[in-house]
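Here is the structure we will look at, set down as structure tokens.
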Amino acid sequence: MRAWRQSEILGAGATRGQLRAAVHRGELLHAYRDLYAAPSAPDDLRDAVTALLTILPTHAVVADRTAADLYGFDSQPGKQIHIMVPAGTTFPDIKGIATHQAVLPAGEAVLVDGIRCVPPDRCAVDLARRLPRLDALPLLDAALRSGRCTPESLAAEVHRHDRLRGVRQARQLLPLADARSECRQESQLRLIVVDGGLPAPEPQVRVLRRPGPRPVPARPRLARGRSRR
């Protein structure tokens, strides 16, 4: 998809009124903030990111909450598009784009629907370092649940982040991460229980409820202790 910044279009001689009229007629798609593209695709996050990447250098990759949203393990992605570039890289100032200059190399980009993203483990650990604890554990749980990450791959990625800001939190939360957790609130409750000094409850435990002529299977959100009846 071909895309243009508003400054490029105005610099070519068009007026703001002509630009608005072109969007109104469907000749241009207002993909994101001051970014415009050919109207060949629906106006959604993937369309906006795809258009944005056409005007960025090839070393720029989607990162942070935007990448987590594309990977399917962030329930609160926000409105900004997050882009990562190597530290010291010159990057255009685009309204609505959050730029992250990475001291630690991002690793080989992963294509998600044709969009260049940081690897899923890098994405999850970056967020686990930066987000508040009550947001970080649900994201780690979701990363495992998505199948994009494993406990082993996340542990290896945390090791790569040694001495970086926030890595201590990521290292503490990783043993608590559990793919069986089915929602954000469940993950948060587990963390509250642990932070309160109690043993970590086990999510989605299958139990049998009695009495009755036949046991009735049930699956409480969280359980603790050896007795499951």
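Quick notes on this one:
- Checked against the criterion of being modelled with pLDDT of 85 or more, under 30 Å from Arg163 (Cα atoms) and of a type in the set (Gly, Ala, Ser), segment 83-97 has at least one qualifying residue.
- Condition met for Ala170 (surrounded by 14 or more Cβ atoms within 10 Å (Cβ to Cβ), assigned to a helix (DSSP H, G or I) and not assigned by TED's automatic domain parsing to the domain that holds Ser7): yes
- Residues of segment 147-204 classified as on the phi > 0 side of the Ramachandran plot and either under 19 Å from the mean Cα position of the chain (by Cα) or among the charged types (D, E, K, R) (or both), total: 3
- Residues of segment 183-204 that turn out to be crowded, with 16+ Cβ neighbours inside 10 Å and assigned to a loop (DSSP other than H, G, I, E, B), as a count: 1
- Qualifying residues in segment 70-101 (those that are over 14 Å from the mean Cα position of the chain (by Cα), free of Cβ contacts under 8 Å to residues at least 24 places away in the same chain and not in a loop (DSSP other than H, G, I, E, B)) - the one surrounded by the fewest Cβ atoms within 10 Å (Cβ to Cβ): Gln101
The values are calculated or read from the model by the stated rules, or taken from the named source; none is laboratory data. Since we're looking at a predicted model, the values are computed, not measured. We place every Cβ from the backbone using ideal geometry, glycine too, and count neighbours over all the protein chains shown.
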